[in-house]
Amino acid sequence: MREGTAPLIRREDYSAPAFWIKSVDLTFDLDPAKTLVINKMQLERNLDVPAQALRLHGEDLNLTRVLVNGESVSFRHEEGLLVIDSLQGVPAGPFTLEIRNTCAPEKNTHLSGLYTSGGGFFTQCEAEGFRRITYFLDRPDVMAVYTVTLRANKQQYPVLLSNGNLVEQGELDNGRHFAKWNDPFPKPSYLFALVAADLVAREQWVTTRSGKNHLLQVYVRRGDLDKTEHAMNSLIASVVWDEARFKLPLDLERFMIVAVGDFNMGAMENKGLNIFNTKYVLANPATATDSDYLGIESVVGHEYFHNWTGNRITCRDWFQLSLKEGLTVFRDQEFSMDMAGSASARAVKRIDDVRTLRLSQFPEDAGPMAHPVRPDSYVEINNFYTATVYDKGAEVVRMMQTLVGRDGFAHGMTLYFERHDGSAVTCDEFAQAIADANPQSELARLLPQFKRWYSQAGTPRVTARGRYDAPSRTYTLLLEQSCGSTPGQAEKQPFVIPIAMGLVARDGRALALQLEDEALPASGAYPQERVLVLSENREFFTFVNVDEEPVPSLLRGFSAPVTLADGLSDNDLLLLLQHDTDPFNRWEAGQRLALARLLAAVRGDGDLQLDQPFIGAMRGVLTHPTLDAAFKELLLSPPSEIYIAEQLESVDPQRVHAAREAMRMQLAQALRDDWAVAFEANQATGGYAPDPISVGKRGLANLALNMLCLDAVARGDTVWPGRAYQRFKDASNMTDRQGALWALLASHSELAEPALARFYELFKGEPLVIDKWFTLQATAPESGGRVFARVKALMNHPDFTIKNPNRARSLIAAVCMGNPAAFHRSDAAGYVFWADRVLELDGINPQLAARMARVMDRWSRLAEPYRSAAREAVSRVAAKPDLSSDVREIVTRALADA
Ligand code: B3K
Ligand code: ZN
């Protein structure tokens with residue numbers, strides 16, 4: 001294990017490897033206690049760099065033999081590296097290196113490298129797990145062809161899988177068998193995978209456009225086959241989409257997905273052998289919610305799309321992680337949008353993605369872990385699989401598409417693959433390809449400046465001021481940008497910010513947009529929407545032939561990851577809420593109206609008291625004859641407590657919670673009859689299908705039921721809670737069942753207890769549903785400390801185990817991240833709980849511990865008494881002497897944020 005003094009790795013220190021590994025022949029004798037690995041490599045010196053000793057990575061391994069060209073050589077260990085000095089003078093040309101070592105999969109609680117789960121063997125190698133399997137140049141720019149032979153007991157491990165194509169399989173002595181796999185594509189070690197377990201597969205053949213047939217397989221444990229249909233459908237849709245949208249075909253004879261119950265993250269894109277957290281594979285209507293279904297579709301897509309963006313072209317070094325992650329998130333977002341279909345359903349997906357960005361990336365960019373999309377340094381790379389690298393990285397790619405157009409972007413992708421297929425490259429090379437394919441674009445003109453999105457951390461703030469001049473019939477927009485300092489970056493240079501916009505007349509009409517000195521376009525009409533490109537600190541944009549003072553609708557579709565201060569009044573926002581042709585800004589107007597009221601209540605002395613214009617506007621949304629249900633639900637859900645807190649200089653989480661709960665209660669009361677109508681009108685009929693219309697109906701019906709119970713319980717009325725309980729019992733799908741249970745929990749109904757008990761009895765054999773059962777209890781609205789007390793009691797429940805990441809997250813992360821009012825207690829008990837859990841987890845699974853540690857990132861923003869208590873808890877974790885480098889990096893950065 002790496003200890004707390006691990007060095008800082010810097011991007012500027014990159015140097016090419018001293019050796020290349022051309023091919024690897026691996027043989028595994030799989031045994032949970034002691035697995036033997038025979039690793040035969042073909043290497044050659046990299047003649048572009050000065051001759052040096054060979055230094056191989058290795059971690060938690062037992063080395064038994066080292067042979068160079070069949071002869072034993074001397075070696076030494078130095079700072080976690082295996083050093084073979086005699087290879088410094090090796091002649092140019094290939095030589096072989098054979099290494100034998102053992103490892104102990106059943107003792108591997110880090111879930112990095114080779115480990116056991118549910119009686120099978122699984123691997124996770126990204127970012128640096130391969131070195132926990134055998135000695136290697138475990139860095140992404142060393143790409144080799146792998147041949148892998150697996151040997152294991154046939155009865156216990158009937159399925160033996162690795163990357164690529166199966167070349168041979170057969171029987172061995174003593175009840176053992178073997179399988180030999182070959183992956184023809186050179187790949188970095190982080191994409192290696194093996195699985196040996198007792199599994200069954202759903203199979204499907206597909207034919208790609210070239211006429212080739214491919215076998216798709218989804219492997220799960222016996223008994224879970226009835227939960228694989230949606231994952232398989234999502235995989236087929238992904239194969240079809242990537243070929244249609246980007247002309248990128250499946251390049252292997254077979255493509256496998258394997259589900260495993262113990263997994264640190266969502267899934268992993270190993271070449272041809274994706275390994276998934278069961279959470280992103282298993283679903284049937286009885287066990288999975290609509291959002292589970294959507295999550296599966298997007299993660300299956302994401303991992304499949306990595307096959308080109310990540311695997312065929314990979315990262316030169318881990319600082320370039322967003323090269324594959326930002327791009328692949330962008331691709332999975334586009335995939336889900338294309339699958340959603342209608343303009344309204346696409347907007348719902350976009351709003352969802354922006355909510356995620358604001359919930360996780362904006363706080364990250366404003367806190368101690370702020371880092372550029374392409375970081376400059378790290379201690380532990382696993383700590384940099386962040387919202388910034390993934391989600392802001394995706395926004396950077398999206399801005400490129402906005403600047404060059406959808407077709408231009410597709411051409412850019414084609415050029416990127418022409419230039420770099422089969423190699424390990426940098427973010428610069430990606431941006432250059434997109435720009436070079438679009439030489440006339442704003443991206444090409446501004447490329448060096450645009451790339452500041454990769455190098456500068458922090459969320460830019462755009463302010464906009466409009467001035468209408470009646471005599472000249474002009475409307476002038478002044479746009480200004482600034483960006484606060486972030487750790488290590490005091491001054492920021494201006495960004496290139498594409499601002500999609502329109503102007504809306506007082507009667508709701510969209511106005512034609514003619515800029516000063518602009519000729520009539522070939523289409524014969526000026527557009528009603530356009531993209532302004534802000535690249536200076538301040539710029540004026542003047543529109544002519546404007547007959548009346550308009551309301552500007554800026555940053556449509558959230559065209560850049562910035563915050564916007566446009567000074568719009570309540571009346572302006574009400575106009576946009578009603579008339580904006582851009583659905584994103586329509587939603588945003590509603591959120592801003594709610595946010596303004598919430599912030600006033602949190603900052604001021606009085607309680608929140610909703611005004612008639614706001615209530616009327618919300619009623620207008622709820623009773624709107626044509627808006628989609630999903631869109632109504634988004635509009636009627638107030639901003640989250642985390643998002644509200646981010647707008648405040650000093651945060652009292654209890655006040656934020658109280659204000660938001662008051663808003664929910666008043667909306668419940670004021671719209672009581674309308675909620676009842678909406679509930680009845682949005683019953684999805686027929687069999688379960690996760691299509692956007694049905695999903696929207698179930699979502700709005702659940703919100704309505706929640707509001708109706710809230711209002712009823714407050715009045716002492718038992719009718720709606722009774723109906724909710726009945727619905728909970730009779731539900732034919734998990735979305736409705738969980739929605740009804742949540743309505744009871746969130747309204748503090750007495751029926752919540754019997755419902756929880758019944759839920760447990762129904763699903764005690766379904767781990768993913770029991771995760772939900774823990775999470776529902778941990779995220780229920782706090783009242784009088786009961787939720788927190790329940791969480792502590794649940795830690796002793798026979799089904800709770802901190803060793804399983806999903807289960808640990810379902811309770812610990814759920815309360816610490818998902819329930820601010822239960823977590824931030826004036827007696828500091830929440831922080832003590834957090835510190836104890838982080839320390840406990842650190843001894844088992846440092847990656848997971850470091851994720852949990854990030855809960856406290858924003859401690860310095862808290863008001864007293866929370867702030868001092870939170871700092872003390874972070875200091876207590878930091879004081880532990882043998883802390884992992886993972887957690888040490890997080891808490892050290894947090895404490896520097898005073
Ligand atoms: N590439 C993996 C994440 C690996 C995380 C390593 N700590 C999954 C993904 O982004 O698709
Ligand atoms: Zn990814």
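Values quoted throughout were computed directly from the atomic coordinates according to the rules given, and no laboratory measurement underlies them. Just so we're clear, the structure is a prediction, and the values are computed from it rather than from any experiment. Quick reminder, even Gly has a Cβ in these numbers, built from the backbone with ideal geometry, and neighbours come from all protein chains shown.
Just check segment 586-895 against the gyration tensor rule for me: Cα atoms, a ≥ b ≥ c as the square roots of the eigenvalues, rounded for a/c under 1.5, and otherwise prolate or oblate depending on whether a/b exceeds b/c. Oblate is the answer for segment 586-895, as a/c is 1.5 or above yet b/c matches or exceeds a/b. Potential lengthening of the chain between Q42 and Q88 amounts to 15.0 nm, from the contour at 0.36 nm per residue minus the alpha-carbon distance. The simple Förster model, with R0 at 30 Å and r as the Cβ-Cβ distance, assigns D469 and N571 a FRET efficiency of 0.90.
Our helix-only sum for the chain, with -39,500 (n - 2.57) per DSSP H run of n ≥ 4 divided by its residues, gives a mean residue ellipticity at 222 nm of -12000 deg cm²/dmol.
Along the axis of the charge dipole computed for the chain (Cβ charges of +1 for Lys and Arg, -1 for Asp and Glu, origin at the Cα centre), the listed residues N264, M856, A179 are led at the positive end by A179.
With R₀ set to 45 Å, the beta-carbon distance separating N284 from D607 gives a calculated FRET efficiency near 0.50.
Here segment 646-682 is scanned for amide nitrogen atoms under 19 Å from the site 7 Å beyond the Cα of D827 along Cα-to-Cβ, giving 653-655. Extension gain for the segment N545 to H624, taken as residue separation times 0.36 nm less the Cα-Cα distance, is 25.1 nm to one decimal.
Residues in segment 828-834 carry Karplus couplings, in order, of 6, 4, x, 6, 5, 4, 4 Hz; the curve used is 6.51 cos²θ - 1.76 cosθ + 1.60 with θ = phi - 60°, and Gly or Pro positions show x. Our coupling estimate for segment 254-259, obtained by passing each phi through the Karplus curve with A = 6.51, B = -1.76, C = 1.60 and θ = phi - 60°, is 9, 10, 10, 10, 10, 9 Hz, Gly and Pro reported as x.
For the chain, the relative contact order works out to 9 percent when only alpha carbon pairs closer than 8 Å and six or more residues apart are counted. For segment 91-165, the relative contact order is 18 percent, taking Cα pairs closer than 8 Å that sit 6 or more residues apart in sequence and dividing their mean separation by the residue count. Using the Cβ-Cβ distance between R538 and D428 with R0 set to 30 Å, the FRET efficiency from 1/(1 + (r/R0)^6) comes to roughly 0.60.
Close amide-amide hydrogen proximity is noted between S117 and F122, each under 5 Å apart and 5 or more residues distant or on a separate chain (H modeled in the peptide plane; Pro and chain starts excluded).
Annotation: amide H-H contacts under 5 Å for K22 (H modelled 1.01 Å from N, sequence separation of 5 or more, or interchain): Q42, L43, E44.
Whole-Hz Karplus values for segment 100-112 come out as 10, 8, 10, 9, 10, x, 6, 8, 7, 7, 5, 6, 10 Hz, taken residue by residue from phi with 6.51 cos²θ - 1.76 cosθ + 1.60 and θ = phi - 60°; glycine and proline positions read x. Once both labels are positioned 7 Å from their Cα atoms along Cα-to-Cβ, the gap between R222 and Y14 label points is 4.9 nm. Using C-alpha pairs below 8 Å separated by at least 6 residues, the relative contact order for segment 198-312 is 26 percent.
Below 14 angstrom from the Cβ of I84, what's the summed charge of the other residues (Lys, Arg +1; Asp, Glu -1)? Charge balance near I84 sits at 0. The Cα-based radius of gyration and maximum Cα-Cα distance (Dmax) for the chain are 28.2, 95 Å. In a fully extended conformation the segment linking E840 and D376 would gain 164.0 nm over its present Cα-Cα distance, using 0.36 nm per residue. E168 label point, 7 Å along Cα→Cβ, cut-off 20 Å on backbone N: hits in segment 240-258? Zone members listed by number: none at all.
Past 26 Å, Cα to Cα: identify those pairs from K227/K349; K392/K772; K697/K764; K187/K247; K632/K792, in the order given. Those over the limit are K392/K772; K697/K764; K632/K792.
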